[in-house]
Amino acid sequence: MSVPDRTQVGIVGGGPAGLLLSHLLARAGVESVVLESRDRAYVEARQRAGVIEAGTARLLREVGLGARMDRDGLEHGGIYLQFAGERHHVDFVDLTGGTVTVWAQTEIVKDLVAACLDRGGSIEFDAEALGVDDVTSDRPLIRYRDAGGVERELRCDAIAGCDGFHGVCRAAVPNLAVSERSYPYAWLGILADVAPSTDELIYAHHTRGFALHSMRSPDVSRLYLQVDPDELIDDWPDDRIWSELDTRLGLPGWTLHTGPVRDKGITPMRSFVSTPMRHGRLFLAGDAAHIVPPTGAKGLNLAMADATVLAGALVTFLDGNSELADTYSNRCQRRIWRATHFSWWMTSMLHRAPGDDTFDEALQLSQLRYVTSSRAAGESLAENYVGRTMRAA
Ligand code: RFL
Ligand code: PHB
């Protein structure tokens with residue numbers, strides 16, 4: 001198949017933001033080409049997010065991608081917060097009327113790739129963007145290396161930088177303002193072939209550090225441990241991981257079921273917001289522009305919300321009306337900062353700070369007691385978790 005050398009929207013990155021953008025543009029009759037540096041199998045198997053907000057689930061249904069989610073996704077009406085040896089239920093349905101859905105990013109990506117290929121759309125896998133040029137002209141271009149190692153150019157009417165935190169597009173926005181926070185810990189995550197030991201997610205505060213029990217399906221569990229950012233995965237054999245999870249999540253009368261570990265890795269944690277999300281005809285979306293620590297389960301939802309707003313802006317922009325494109329970045333910022341605050345807040349409340357700061361720990365426990373005993377405080381947590389991301393925030 002010949003490689004296209006021009007298109008209306010050149011999309012760098014075939015993660016959830018880039019693939020959803022391509023899908024929404026196609027539905028509006030706009031042609032795009034997605035350039036993705038990794039191969040299809042890698043992109044479809046990469047373990048990332050597991051929980052989506054009600055608004056994201058609704059969006060997937062509205063754009064024809066809800067069938068498998070509605071069949072296999074797990075709707076959750078709350079979470080457990082565990083601290084000081086007690087497990088408390090935060091009931092989202094009672095507090096807000098809303099729910100979240102356990103539906104893995106891998107499944108969303110698989111559905112988006114299949115939908116694109118089914119409609120004859122263009123995703124170039126193993127195609128690494130090297131840079132973008134002429135973005136302030138009306139014919140910007142993406143330089144990339146194709147699957148055969150040949151360097152090529154893709155001329156576009158507009159470029160969407162959906163290439164994640166380590167991509168190349170953000171660097172093409174001059175005078176970028178960056179607000180950033182790094183955290184003195186990381187998450188060690190495992191995917192295990194064992195039925196979840198809980199009906200809803202458990203977020204556990206523990207003197208040895210944070211732990212999270214999540215899941216992917218009735219047969220597959222996803223669990224995380226707070227570790228130091230310089231920990232090596234080789235120092236964590238499966239037995240050590242299960243034992244530490246059992247210590248941090250354990251309660252009398254409750255059993256953590258263990259099973260074969262299929263995937264494991266360590267992820268650093270960072271908050272990062274860059275503005276503006278546009279320069280000329282280059283637009284940034286998703287992790288390319290901002291990242292949040294995973295504690296609030298917000299990153300994927302933000303990426304998909306950006307893609308939705310950007311699709312509307314690009315459709316009108318290519319039709320000669322630049323109003324939505326001009327306001328794209330500003331319209332995204334309020335939502336991004338709400339999620340940035342919530343993720344920072346959840347992270348700060350639940351993780352053990354290095355050293356022996358009894359003041360910090362006492363504040364965390366006080367906050368945890370407050371959100372699990374005050375309806376007003378619980379409602380605030382629930383409303384943010386269930387999601388305001390599809391609204392202006
Ligand atoms: P992605 O998913 O990083 O996709 C970017 C894509 O761009 C490609 N790429 C390039 N392609 C071509 N040329 C180049 N030069 C390129 N450079 C990069 C990459 O290969 C990749 O395919 O960004 P996107 O689309 O913005 O999506 C963002 C989400 O992936 C991310 O925010 C979430 O995964 C964050 N996240 C979570 N979000 C949630 O909403 N709920 C969760 O429960 C949740 N849990 C998580 C998470 C992220 C985690 N990690 C590993 C960071 C749990 C974890 C552990
Ligand atoms: C996940 O299932 O991967 C997950 C769930 C909730 C989070 C983060 C990650 O807050």
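At a glance:
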read-out: The range 155-160 - phi-based ³J(HN,Hα) in whole Hz, Karplus 6.51/-1.76/1.60, Gly and Pro as x; value: 7, 9, 8, 8, 10, 10
read-out: Net charge of neighbours whose Cβ lies under 12 Å from the Cβ of residue 52, counting Lys and Arg as +1 and Asp and Glu as -1; value: +1
read-out: Antiparallel bridges, percent of DSSP beta bridges restricted to the chain (to nearest 5); value: 75
read-out: Rg to Rh quotient for the range 301-393, alpha carbon positions, Kirkwood Rh; value: 1.18
read-out: About the Cα centre, charge dipole magnitude for the range 171-275 (Lys/Arg +1, Asp/Glu -1 at Cβ), debye; value: 340
read-out: Per-residue SASA entry for residue 380, accessible area with 1.4 Å probe, Å² rounded to 10; value: 60
read-out: Taking all pairs of distinct alpha-carbon atoms in the range 12-59, Kirkwood radius in angstrom; value: 12.2
read-out: Spatial separation of Cα centroids for the range 314-393 and the range 201-261, in angstrom; value: 25
read-out: Highest to lowest packing among 60-67, 218-225, 248-255, 285-292, scored as the average C-beta count within 10 Å; value: 285-292, 218-225, 60-67, 248-255
read-out: Degrees between helix 299-318 axis and first principal axis of the chain (Cα, 0 to 90, nearest 10); value: 20
read-out: Ratio of the Cα radius of gyration of the chain to 2.2 N^0.38 Å, where N counts its residues; value: 1.00
read-out: Among beta bridges that DSSP assigns inside the range 1-135, antiparallel share in %, nearest 5; value: 65
read-out: Area of residue 375 that stays accessible when all protein chains are in place (1.4 Å probe, Å², to 10); value: 120
read-out: Whole-Hz ³J(HN,Hα) from phi, Karplus 6.51 cos²θ - 1.76 cosθ + 1.60, for the range 325-335, glycine and proline x; value: 5, 5, 9, 3, 4, 5, 5, 7, 4, 5, 5
read-out: Computed accessible area, residue 344, all protein chains, 1.4 angstrom probe, square angstrom; value: 100
read-out: Quarter of the Cα convex hull surface for the range 50-125, i.e. its orientation-mean projected area (nm²); value: 6.9
read-out: Per residue solvent-accessible surface (Å²) - the range 307-358, probe of 1.4 Å; value: 47
read-out: Helix axis angle, 238-249 relative to the chain longest principal axis, alpha carbon, degrees; value: 70
read-out: Rounded if a/c under 1.5, otherwise prolate or oblate - the range 223-331, Cα gyration tensor axes; value: prolate
read-out: Stokes-Einstein D in µm²/s, Kirkwood radius over Cα pairs - the range 66-202 at 10 °C with 1.306 mPa s viscosity; value: 80
read-out: Karplus 3J(HN,Hα) series, Hz, for the range 186-194 with 6.51 cos²θ - 1.76 cosθ + 1.60 (x for Gly, Pro); value: 9, 10, 9, x, 10, 10, 10, 7, 8
read-out: Accessible surface of the range 148-294, 1.4 Å probe, proportion on carbon and sulfur as whole %; value: 46
read-out: Candidate residues 232, 21: accessible-area rank, largest first, probe 1.4 Å; value: 232, 21
read-out: Net charge, residue 251 excluded, C-beta distance under 13 Å - Lys, Arg +1, Asp, Glu -1; value: 0
read-out: Under the Debye formula (equal points on every Cα, no solvent term), log10 I(q)/I(0) of the range 1-112 at q = 0.14, 0.15, 0.23 Å⁻¹; value: -0.69, -0.77, -1.28
read-out: Accessible area (Å², per residue) of the range 28-138, counting only protein heavy atoms and a probe of 1.4 Å; value: 42
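The values are calculated or read from the model by the stated rules, or taken from the named source; none is laboratory data. Keep in mind it's a predicted model, so treat the numbers as computed, not measured. As a convention, Cβ positions derive from the backbone with ideal geometry for all residues, glycine included, and neighbour counts pool all protein chains shown. In case anyone asks, the SASA skips ligands and DNA or RNA and just uses the protein heavy atoms, side chains included. Shrake-Rupley method; radii C 1.70, N 1.55, O 1.52, S 1.80 Å.
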